[in-house]
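These notes concern the structure reproduced below.
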Amino acid sequence: MITFDRVTVRYTEDGPPPLRDVTLTVEEGELCLVAGRTGAGKSTLLRAINGLVPHFTGGTLHGSVTVDGRDTRRHPPRDLADVVGVVGQDPLSGFVTDTVEEELAYGMEQLSLPPAVMRKRVEETLDLLGIAELRDRPLRTLSGGQQQRVAIGAVLTSHPRVLVLDEPTSALDPTAAEDVLAAVTRLVHDLGVTVVLAEHRLERVMQYADRLLYLPGDGRVVDGPPAAVLAGVELAPPLVELGRLAGWDPLPLSVRDARRRAAELRGRLGEGAPPAPAPAPDPTTALSARKIVVRYPGTVAVAGVDLDLQVGQVVALMGRNGSGKSSLLWAVQGSGPRQGGAVTVTGAAGAVDPKSLPAHQARRQVGLVPQTPGDLLYLETVDGECRQADQETEAAAGTCRALLDQLTPGLPGDRHPRDLSEGQRLALALAVQLTAAPPVVLLDEPTRGLDYLAKRQFVALVRGLAAAGRAVVVATHDVELVAALADRVIVMADGEIVADGSTAEVMLASPAFAPQVAKVLAPAPWLTVDQVATALVAEREPA
Amino acid sequence: MTDTAVDRPATADPRMTDAAVDRSTTAGRWSARWSAWRLPRGLHPGAWWLWALGLATAASHTTNPLGLTLLVAVAALVVVRRRGHAPWALAFRMYVWLGVVIVAMRVVFRIVFGGGQGEHVLVRLPEIPLPEWAAGIRLLGPVAAEQVLGGFYDGLRLATMLICLGAANALANPKRLLKAVPGALYAVGTAVVVALSVAPQLVESVLRVRRARRLRGASGRGTRAFRGVALPVLADALDRSLALAAAMDSRGYGRTAAVPAGQRAVTGTLVLGGLLGVCAGTYGLLDTAGPGYLGLPLLLAGLAAAVGGMLLAGRRVRRSRYRPDRWRLAELLVAGCGIAAAGLTMLAGTVDPELLYPPVSPLTWPELTPLLLLAVAVAAVPAWLAPPPTPVPRDRT
């Protein structure tokens, strides 16, 4: 179906090529997963399939890419529209019309299909993806998962034989991601569509994949069955790491696989349990919020929430999209709307409410890194941003740069912030906010678009902040991250707190929030691979 | 239309006379037709625009406050009964407020700048003396009822015309109107649609970045603050438009039918030559000194050439339309109502002009003429005649 024949892509003459001498074939009806670190060339590979590379992006492509017998050299993307459907990372920015039904018809209008055919296909697609009740809705009012399904539907109506999806679930909460993935697997199994899908969170999709294309970052593509390829990959999802630890072969790809083999491992671990986290020596309250209310026209985002943050504690704030996590963070920081309640931050300056302070003093009490960290940055170079941060907080020159070097050593100072990787940009934004030395740090969805290595660094970084005596809150959907990072988990729904307790308590109580390791080793209370590894080493040593 | 040749239904009651059967089945057909007519659907936007332009034309031909108020009431009635649930449908209120502001401004201007004198002085404001070179302009001074009333009539006429256009905006989806453009202008239509959807996104990202800037302690004033907001917003907009362009390209936007080079040249020549002809023709028409053939004939010839070229160019755009708005009887009637209202008002103007332009001095109570009333009644008919809008979609699930 898709053939890459000795493909090399270069965007600049002297830089390293994102793809070097790649030869591969994707058969019809396969679900093919593309994985690799940020910037390893996943998007380049995906965009080469329908000719966006190089027709749209520029650069040069040597070799040939053939889709369904059509060479992308002679067929620009628009002439491949009836064969390849592409859905980008942010579905909203790819929408051309303004209602669901018109968006579904747009591609067919371009192919000049007869009206009767269009009418029929729109109805079929609405049913296929379970979005029939959304047909008249404006696209902007849909939730993230609905938008993603509409975007998939909008390319499906042209009946493409190949579907290319670039991180379709990266911005979604676990349930919405399940909906989208269920729709995708249905397409593969029922319609025989060939799907090529890039994803950072392999734990979500690897069980559905027929094969894996792994990009190590040097221009090569490692191609093979998922279990075989993952065996040679340095950082992998928790399930695979657990399989390696236990010496399972082939590696498990789904919780079911792992659970069926885990009886022996469960026996080895026996009645043991991970050591309870040492209670903080003196639990001092860094921030206490009472009866926080945030209202938007027509909705109550936060309905009278109480929140206490302890010094040296990392709190994970979870809940589906729209449950009020961001609103709560912004209200606590004082920059967002807050219709009721009180916040007290106990810092060096005594007890104050950040809302009552001007913005430049509020950030000394509570530092917040928003969902898109790039919004905080506006200068041309990393050094420029650091200098500006020192100036605006009246800190000693070099404070911000020193913080940045602690977070990610060796970031070139003349680099433009927009050219940094997601993880580096997050670190820079965090360093800028930490320059004001706030005792409380809030992070809103920081791990979007981070790969496993970057997430591991992020965990170390946040633990470091907590160890230095800060109270940290991380709002996130990523259960695996929470299992590795947090001391305490708060779950929100409809603007209220529905669960609040230690990480083990909350995560083991419900299957929706349980990390993969917990699902495999239940009922024993293990959360992460690291815990299991430590326990296994300890078991071996005394013997 | 009465249908006499009706097949007798098999189940007809044998006691019924033929005439009764005919009547009942005819009634049945009519009720079936009526219920099909009443099916909720969106009317062709062109019909609403023609109706609204008719109303606006009617308003421009009178300063009678009673007639104008009735026209505003009619526009409001039709909007309330036939608007959809879309965001633009709520814009009507804004137009009404704008109308109120216009009327108030006109009256205030008349009071401040004096202008017309009248006998019935309401209040004497102190006149502000102006230097000699500003002679002829009076600031404040005595305020006469005639002068205020004149301003009110003028403002009301302008406000009514604006509110009529606002009604069209609330009733018709502006984007659907763009969909009805001919093939040759398709690319222009798409550009406008995209631009319309970019505006709210831009506002959103300005708000988001401004919020983020506050997190860094920015005060939100001065050139540095402007730069801090403008740069991320621009970068964001650029990223988004690139993503949109890539999405449109990969979904087949811009696929063209193969056209021989010769035909392309002919199309280009026709359009360009035609437009030049239109320019020259207009000039000739306005310039009385020029020879006659440079006027109307050249204008018409240029127009014909340009239209022909566009039709040819439209053939090159190969695309179909999903559920196009069709021009049916209801559209014809709605547009007809608007045009009839305009025609009736003009007729009323020729029959008794002084009633349509009631004099402010001497002060007289405005009166309505039967023709003007008829025009208003005809304009209101679409409130019942037009099919109802599609029901509100279910809320967020």
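Read-outs: derived from the displayed coordinates by stated rules, not from any lab. Because the structure is predicted, anything quoted here is derived from the model rather than measured. Cβ: placed from backbone, ideal geometry, glycine included. Neighbour counts: every protein chain shown.
Annotations
- Three principal axis lengths of the protein assembly as shown [C-alpha, angstrom, descending]: 115, 78, 77
- Cα gyration tensor shape for the stretch A:2-233, rounded if a/c is under 1.5, else prolate or oblate: prolate
- Unmatched cysteines, chain A - criterion: no other Cβ of a Cys under 4.7 angstrom: A:Cys32
- Averaged over B:321-334, number of beta-carbon atoms from partner chains that fall within 10 Å: 2
- Taking chain B as a Gaussian network of alpha-carbon nodes connected by springs under 10 Å, the highest mean-square fluctuation of the residues B:Leu207, B:Leu70, B:Leu275 belongs to B:Leu207.
- The protein assembly as shown: antiparallel DSSP beta bridges as a percent of all, rounded to 5: 55 percent
- A cut-off of 5 Å between modelled amide H atoms, ignoring neighbours fewer than 5 places along the same chain, links A:Arg415 with A:Val382, A:Asp383.
- Within 10 Å of the Cβ of each residue in A:81-89, the mean number of Cβ atoms contributed by other protein chains is 3.
- Prolate/oblate/rounded call for the stretch B:259-397, Cα gyration tensor, a/c under 1.5 rounded: oblate
- In the stretch B:181-250, a dipole from Cβ-located charges (positive for Lys and Arg, negative for Asp and Glu) runs towards its positive end, and of B:Ala199, B:Leu231, B:Leu242 it is B:Leu231 whose Cα lies farthest in that direction.
- Approximate spin-label separation B:Leu234-A:Ala493, in nm, with each point projected 7 Å along Cα-to-Cβ: 4.7 nm
- GluC sites (Glu not before Pro) within the stretch A:159-260: DSSP coil, no more than 10 neighbouring Cβ in 10 Å: A:Glu234
- Zone residues, the stretch B:182-206, relative to B:Gln263, backbone N less than 20 Å from point 7 Å out along Cα-to-Cβ: B:182-187
- Taking a ≥ b ≥ c as the square roots of the eigenvalues of the Cα gyration tensor, chain A is classed as prolate, since a/c reaches at least 1.5 and a/b is larger than b/c.
- Cleavage-rule hits (GluC sites (Glu not before Pro)) in the stretch A:10-119: DSSP loop, at most 15 neighbouring Cβ within 10 angstrom: A:Glu13, A:Glu27, A:Glu28
- By the beta-carbon count within 10 Å of each Cβ, the least crowded to most crowded order of A:Met318, B:Met310, A:Met492, fewest first, is B:Met310, A:Met492, A:Met318.
- Separation in nanometres of the label points that stand 7 Å from Cα toward Cβ, at A:Gln371 and A:Ala533: 3.4 nm
- Using the rule -39500 (n - 2.57) for each DSSP H run of four or more residues, divided by the residues of chain B, the 222 nm mean residue ellipticity is -22000 deg cm²/dmol.
- Gained length - B:Arg227 relative to B:Ala73, 0.36 nm times residue gap less alpha-carbon distance: 50.7 nm
- Distant-in-sequence amide contacts of A:Gly347, defined by a placed amide H-H separation under 5 Å and a gap of 5 or more residues or a different chain, comprise A:Val352.
- Note on B:Ala180/A:Thr141: beta-carbon distance plugged into 1/(1 + (r/R0)^6) with R0 of 30 Å gives a FRET efficiency of 0.70.
- Taking θ as phi - 60° and the Karplus parameters 6.51, -1.76 and 1.60, the scalar couplings of the stretch A:101-107 work out to 5, 5, 5, 5, 7, 4, x Hz in sequence order, x denoting glycine and proline.
- A:Asp419/A:Glu394 FRET efficiency (R0 22 Å; Cβ-Cβ; nearest 0.05): 0.15
- Among B:330-339, B:36-45, the order from most to least packed when residues are scored by Cβ within 10 Å on average: B:330-339, B:36-45
- Relative exposure of A:Arg425, B:Arg264, B:Arg255, B:Arg157, judged by other C-beta atoms within 10 Å (fewest first): B:Arg264, B:Arg255, A:Arg425, B:Arg157
- Exposure proxy ranking for B:Leu238, B:Leu202, A:Leu426, A:Leu357, based on other Cβ atoms within 10 angstrom of each Cβ and starting from the fewest, stands as B:Leu238, B:Leu202, A:Leu357, A:Leu426.
- Springs join every pair of Cα atoms under 10 Å in this Gaussian network model of chain B, and among B:Arg106, B:Arg211, B:Arg328 the largest mean-square fluctuation is at B:Arg211.
- Between A:Arg261 and A:Asp68, the contour length at 0.36 nm per residue exceeds the Cα-Cα span by 65.4 nm.
- Segments A:534-540, A:446-452, B:122-128 sorted - mean Cβ within 10 Å per residue, highest first: A:446-452, A:534-540, B:122-128
- Here the spin labels are modelled as points 7 Å beyond Cα on the Cα-Cβ line, and at B:Leu139 and A:Glu27 they lie 9.0 nm apart.
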